Structure formats: structure tokens, C-alpha cells
Amino acid sequence: AQARARDREVGQGNLFDMLGAAPQEGASSSAATTFESAPKAPPTEDYDPQERLKLEKELLGFYISDHPLKNIQRSAKILAPISLSEIAEKPEKVTLSAIVMLSMVKPVTTKKGDSMAVVQMEDLSGHCEAVVFPKSYARIGQYIKPDARLMVWGKVDRRDDQVQMIIDDVQPIETVSMVMLDLDPSMAGDIKKQNRLRDVLRVLQGEDKFAAKTPVIAVIRTREHRHAVRLGNQYRVRNAEAAVAALQAANFNARATPLLSV
């Protein structure tokens with residue numbers, strides 16, 4: 001430490017230490033210290049990736065090592081979410097879905113004393129403002145938190161030349177799953193089998209449209225190719241595991257797959 005202090009005083013620094021070079025002939029042994037001899041802190045485990053990104057944003061105002069949504073960007077395409085950069089082009093009164101992170105949450109209390117929230121959403125393409133009105137907030141408010149990664153469903157709203165989304169429903173990314181249904185191309189001409197599949201899925205959807213969030217993905221295999229087709233929203237199911245059991249009982253090959261593992 002004394003040798004390093006003397007080097008700093010004369011402005012010489014520790015170039016040889018940094019390069020790991022051997023001391024020159026005639027140099028004193030006290031100047032022969034190397035990087036390997038410097039005191040070291042004990043090894044510690046790295047932060048969880050999401051925690052590290054959160055700290056980067058808090059300290060620097062932006063992400064450096066990654067983005068919280070980047071690792072699911074490719075697998076989420078099968079769910080056909082919109083990009084926030086496209087929201088201004090979307091029509092009103094049509095339910096849209098997006099995979100976002102809440103970068104800001106502003107709780108609001110109405111004159112009637114009801115709770116709601118104004119949020120800022122972001123994805124890899126851009127950001128936009130969204131509103132969660134009291135009726136929806138009473139049902140999904142526990143998920144409306146800063147830094148939450150969510151699948152959101154809502155409608156475009158235009159006011160005073162501003163475009164925002166009215167959020168009707170959300171689901172944490174960690175719980176989003178899909179029902180993968182293997183289908184043979186021959187089913188295209190089998191009306192009976194198509195009707196049986198439709199009837200099973202309608203029962204699995206139930207009457208509560210907000211409870212049925214899990215999409216069904218038809219995987220059509222041929223000798224050369226494998227095509228994945230997302231069935232319409234009217235065929236979403238309430239519970240992935242229950243849907244798989246019911247489909248298998250009806251002689252369909254199905255499995256549940258979490259979004260984060262795709």
C-alpha cells in the first residue's frame with residue numbers, strides 16, 4: 001500500500017500492475033507488486049437478472065445490461081400482441097393485447113372515493129399512457145405496480161389529440177401460459193372432429209370472459225414444416241391444466257406451456 005501511495009504521489013500510477021508486467025531490472029521489490037497481490041473482496045453472487053435491471057434503472061435512469069422484456073419478445077409473438085409504437089394506428093372499441101412493463105403508476109382516488117390508476121407503459125418499441133378505471137382496478141389493482149411485467153388487454157382511447165389505452169384486464173407475465181394443441185393436417189376436412197374440438201373449447205371457456213385468458217395454439221405438423229396458429233379469442237380457456245386434461249380425454253394431443261419457457 002505504501003508503494004502504491006508513493007506511485008500516486010509522483011503520478012506514475014500502476015501501469016505495470018495493470019498489465020501484469022514483471023518489474024524492470026534493478027527495480028525495488030516494493031515496486032514489484034502486481035494486481036494479483038492487491039486486496040480482494042470475497043466473491044458474492046450476482047443479482048437476479050430482474051433485480052439487476054431494476055437497480056440499473058433506479059441508479060442511471062435507463063437499462064444497460066438488458067431490457068426486462070427482451071427475453072420474452074420472440075416467444076410472445078405467437079400471442080399476437082401489439083407494439084406500443086403502433087397504438088396510435090389502432091382502431092377504438094376493439095380489444096387489443098400487449099406485453100408491457102409499467103414504468104410509472106399514479107394512484108388516483110375519484111370524487112366517489114373509488115380507486116383507479118394512471119400508468120405509463122413501455123415495451124421495446126416505445127411507451128404510452130394508460131388508465132385503469134375503478135371497475136377494472138377493483139379486480140386487477142393488486143397487479144398495477146411499478147416495474148410489473150404484464151400482459152394487458154384494453155381499448156384505444158383518443159382525447160385531445162392524445163392516444164392512450166383503457167386497460168380492462170391484466171395478467172403477470174410469469175403466470176401466462178398457452179395450451180399447445182397438436183393437429184394433423186387431415187383435420188381440415190374432418191367436420192366432426194372440428195365440431196368436437198370447438199365444443200370442448202367452448203365449455204372450457206366458461207361464461208366469465210375475463211376468467212378465460214389462456215390462448216390455445218394449434219400446432220400443425222407436416223413432414224417438412226411445423227406451423228403454429230393461434231385460435232381466436234373466443235376459444236381462450238380459464239385453466240391450462242384443466243384444458244389439457246379435457247382435450248386429452250377427447251383424444252386430442254395437448255400440453256400446457258408457460259410463456260417464459262417457449
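The values are calculated or read from the model by the stated rules, or taken from the named source; none is laboratory data. Owing to the predicted nature of the structure, the values given are computational and were not obtained by experimental measurement. Cβ placement follows ideal geometry from the backbone for every residue including glycine, while neighbour counts extend to all protein chains displayed. In case anyone asks, the SASA skips ligands and DNA or RNA and just uses the protein heavy atoms, side chains included. Shrake-Rupley method; radii C 1.70, N 1.55, O 1.52, S 1.80 Å.
A few notes on this one:
- Lys, Arg +1 and Asp, Glu -1 on Cβ, resulting dipole of the range 134-262 about Cα centre, debye, nearest 20: 240
- Peptides 132-141, 189-198, 221-230 ordered by average Cβ neighbours within 10 Å, highest first: 132-141, 189-198, 221-230
- Rounded FRET efficiency, nearest 0.05, which uses the C-beta distance separating Ala256 from His67 and R0 of 22 Å: 0.20
- Separation of the alpha carbons by more than 24 angstrom is noted, of Lys93/Lys193; Lys57/Lys111; Lys135/Lys213, for Lys93/Lys193; Lys57/Lys111.
- With all protein chains kept in place, the per residue accessible area of the chain amounts to 63 square angstrom at a probe of 1.4 angstrom.
- Carbon + sulfur, % of accessible area of the chain - ligands and nucleic acids excluded, 1.4 Å: 52
- For the range 183-262, the residue among Ala254, Gln205, His227 whose Cα projects farthest onto the positive side of the dipole built from Cβ charges is His227.
- Theoretical FRET efficiency, 1/(1+(r/R0)^6), r = Cβ-Cβ of Val118 and Arg238, R0 22 Å, to 0.05: 0.15
- Its DSSP H runs of at least 4 residues, each contributing -39,500 (n - 2.57), put the calculated 222 nm mean residue ellipticity of the chain at -6500 deg cm²/dmol, to the nearest 500.
- Cα-projected label distance for Glu58 with Ile166, points at 7 Å along beta-carbon direction, nm: 3.6
- Which labelled figure in (1) 25.3; (2) 17.0; (3) 12.1 is mean projected area of the Cα convex hull in nm², once derived from the coordinates: (1)
- For the range 111-262, with +1 on Lys and Arg beta carbons and -1 on Asp and Glu, the positive-most of Ile167, Leu124, Pro215 along the dipole: Pro215
- Euclidean distance of C-alpha centroids, the range 146-176 and the range 41-103, integer Å: 13
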